[in-house]
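Student: Got a structure for you, written out below as structure tokens; questions coming shortly.
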Amino acid sequence: LMQLSVPLNFIGFIYREIRQGLTDIEQMFDLLDVPQEIVDKPDAKPLAVSAGKDEFRDVHFSYDPNRKILKGISFEVPAGKTVAIVGPSGAGKSTISRLLFRFYDVQGGQVLIDGQDIRDVTQESLRGAIGMVPQDTVLFNDTIAYNIRYGRIGASEEDMQKAAELAQIGPFIERLPDGYKSMVGERGLKLSGGEKQRVAIARTILKAPPILMLDEATSALDSHTEQEIQAALDLVSRGRTTIVIAHRLSTVITADEIIVLQDGQIAERGTHAELMRKHGLYASMWDRQREATEAEERLRIAREGD
Ligand code: ATP
């Protein structure tokens, strides 16, 4: 029996390793969210990024033919500027980020980067030019160092740690017993949403892409974490063409332009001050969020008084 149990254990071990490997691959595809149908044109060229200007030109899109999600969206993000996209849940905000990354092709209109239709360039060069900080970062079952280096495989230890510092996660990592060698993901340390997002920011700092796409977490973060993340994001987006899918209105105040999306169309656009003066959808979203924050604050004070 002893003789048999060794190989069985071994088979069990191999099986678990393979399964884990598959989970990693699945996660990677989830991470990249790659629908298989997008293929490079035979004559696709590498994207030539000069200034990094993004443009959506009369974009129409639907996931399923019976339901239009974007109905003629046009906006530009001038080189180095920040455009924030806000709007009710389901308005199509994250869809815009998926289209810029070309996870799907538009059904009408064009998405351009520095004047090049993204359907004419290689996906590899397109994705190499865009840094994506998603809402929910999937971490690989590996060390935290590996997860940060994923932004630029081959980055030196020093650069990797500097990126972590800039992303405001360095001190946290250094306090872990195994530091940067700590295992994270399913089999290791479970990081909080805010910590994972800072790992994603560190990755993006290492990648140093000309174009940034930030999808803010919808989940509530405590205000200290939120401030830390905001500081890290401000730092990465400085001087880079940035689109922010904003779920918290506090982050859009400084945007060069705010696009208010409603029902697949641009309902309003302008700076924070301009939109507040309009007393329209944006102003009412802002009022509602402020009321919610104030109510939370009152609740907190009442609790502390107990
Ligand atoms: P939220 O603020 O809640 O994240 P959003 O404005 O980012 O919302 P999107 O994620 O862009 O909204 O989704 C827009 C609409 O498209 C939603 O109604 C959603 O149900 C639908 N949708 C999103 N992804 C898919 C998909 N893969 N297949 C079919 N429909 C989808």
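Nothing in this text is a laboratory measurement; each read-out follows from the coordinates by a stated rule. Computed from a prediction, not measured in an experiment: that's the story for all the values here. Neighbour counts are summed over all protein chains in view; Cβ atoms, including those assigned to glycine, are modelled from backbone coordinates with ideal geometry.
Student: Whole Å is fine, so just give me how far the alpha carbon centre of the range 261-306 lies from that of the range 94-116.
Tutor: Between the Cα centres of the range 261-306 and the range 94-116 lies a distance of 29 Å.
Student: Starting from the amide H of Leu261, placed 1.01 Å from N in the peptide plane, find each other amide H under 5 Å away whose residue is 5 or more places distant or on another chain.
Tutor: Distant-sequence amide H within range of Leu261: Val86, Gly87, Ala267.
Student: Express in nm, to one decimal, how much length is gained between Ala283 and Glu165 on full extension, taking 0.36 nm for each residue of separation and deducting their alpha carbon distance.
Tutor: 38.9 nm
Student: Any chance you could tell me what percent of the C-alpha pair distances in the chain go past 27 Å?
Tutor: 49
Student: Turning to a different aspect of this structure: I'd like to compare 246-253, 130-137: which one has the highest average count of other Cβ atoms within 10 Å, and what's the full order after that? Display every interim value, and only then the final one.
Tutor: Working: 246-253: 18.6, 130-137: 21.2.
Highest mean packing first, the order is 130-137, 246-253.
Student: Sticking with this structure for a sec: List the residues, sorted by chain then number, that are 5 or more residues from Leu47 or on another chain and whose placed amide H is less than 5 Å from its amide H.
Tutor: Placed amide hydrogens put Thr122, Ser125, Leu126 under 5 Å from Leu47.
Student: So for the range 211-290, Kirkwood radius off the Cα pairs, Stokes-Einstein at 25 °C and 0.890 mPa s: how many µm² s⁻¹? Could you put the intermediate results ahead of the total?
Tutor: Values: Rh = 13.5 Å.
My calculation gives 181 µm²/s for D.
Student: Size of the dipole of the range 158-306 about the Cα centre, Lys and Arg at +1 and Asp and Glu at -1 on the beta carbon, nothing else charged, in debye to 20?
Tutor: Details: 20 positive and 25 negative charges, 65 e Å.
The dipole of the range 158-306 has a size of about 320 debye.
Student: Would you mind checking the range 35-66 for residues with the amide N under 17 Å from a putative spin-label position 7 Å along Cα→C-beta of Phe103?
Tutor: 35-39, 61-64
Student: Separate question: Can you tell me the Rg and the Dmax, both Å, for the Cα atoms in the range 160-214?
Tutor: Every Cα atom of the range 160-214 included, Rg and Dmax give 11.5, 35 Å.
Student: Cross-link candidates for Lys93: which aspartates and glutamates have Cα within less than 13 Å, leaving aside residues fewer than 8 places away along the same chain?
Tutor: Asp215, Glu216, Asp263
Student: Taking the Cα centre of the range 35-159 as the origin, how large is its charge dipole in debye, to the nearest 20, when only Lys and Arg (+1) and Asp and Glu (-1) carry charge on their Cβ atoms? Numbers along the way, then the final one.
Tutor: Values: 15 positive and 18 negative charges, 96 e Å.
The calculation lands at about 460 debye.
Student: Just subtract the alpha-carbon distance of Arg175 and Ala292 from 0.36 nm times their residue separation and send over the number in nm, one decimal. Walk me through the numbers before you get to the answer.
Tutor: Details: separation 117, 0.36 × 117 = 42.12 nm, distance 3.49 nm.
Computed gain between Arg175 and Ala292 is 38.6 nm.
Student: Between their Cα atoms, which of Lys45/Lys68; Lys162/Lys207; Lys53/Lys81 are more than 20 Å away from each other?
Tutor: Lys45/Lys68
Student: Follow-up. Please list 3J(HN,Hα) in residue order for the range 170-183, calculated via the Karplus relation 6.51 cos²θ - 1.76 cosθ + 1.60 where θ = phi - 60°; whole Hz, with x for glycine and proline.
Tutor: So the J values, rounded to whole Hz, are x, x, 4, 5, 5, 7, 6, x, 9, x, 5, 8, 4, 7.
Student: Consider all pairwise Cα distances in the range 47-165 and report the whole-number % of them above 25 Å.
Tutor: Numbers: 2481 of 7021 pairs.
When every Cα pair of the range 47-165 is considered, 35 percent fall beyond 25 Å.
Student: Convert each backbone phi in the range 248-253 into a coupling constant with the Karplus relation 6.51 cos²θ - 1.76 cosθ + 1.60 (shift: θ = phi - 60°), then list the ³J(HN,Hα) values in order as whole Hz, x for Gly and Pro.
Tutor: Ordered by residue, 3J(HN,Hα) equals 10, 5, 4, 7, 9, 3 Hz.
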